[in-house]
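Every number in this text was worked out from the coordinates using simple rules, so none of it is lab data. As the structure is a computational prediction, the values presented were derived from the model and not from experiment. Here the Cβ is made from the backbone with ideal geometry for all residues, glycine too, and neighbour counts use every protein chain on show.
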């Protein structure tokens, strides 16, 4: 199972392969750069539709990060817990999907 509990803590952790970490960090770096660009546009009094277009691009990039992380979570943590007989992970996933779909 890839998700395990830290010692003396209620939070789970996950060991990620270096390629997954690099991919996720790369996506976050792009989002961070887009957000900085948006801030600069606001500071320079850019035209509202131009800013909104960049906000939509940043939102799409963050959604891409979310999709990648969720897919990894389902393929590793959720599948591993189900194989190990822990159905509580299904309830956790359902709750997570409900939060994501607000």
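Annotations
- Relative to the longest principal axis of the Cα atoms of the chain, helix 18-43 runs at roughly 30 degrees.
- Between 31, 42, 55, the Gaussian network model of the chain with springs among Cα atoms under 10 angstrom shows the greatest mean-square fluctuation at 42.
- Angle of helix 88-100 to the longest C-alpha principal axis of the chain, folded into 0 to 90 degrees and rounded to 10: 10°.
- Inter-label distance, nm, simple model (7 Å from Cα along the C-beta direction), residue 79/residue 59: 3.2
- Principal axis box of the chain, alpha-carbon based, largest edge first, Å: 55, 29, 25
- Cα long-axis angle, helix 48-73 against the chain (0 to 90 degrees, to the nearest 10): 10
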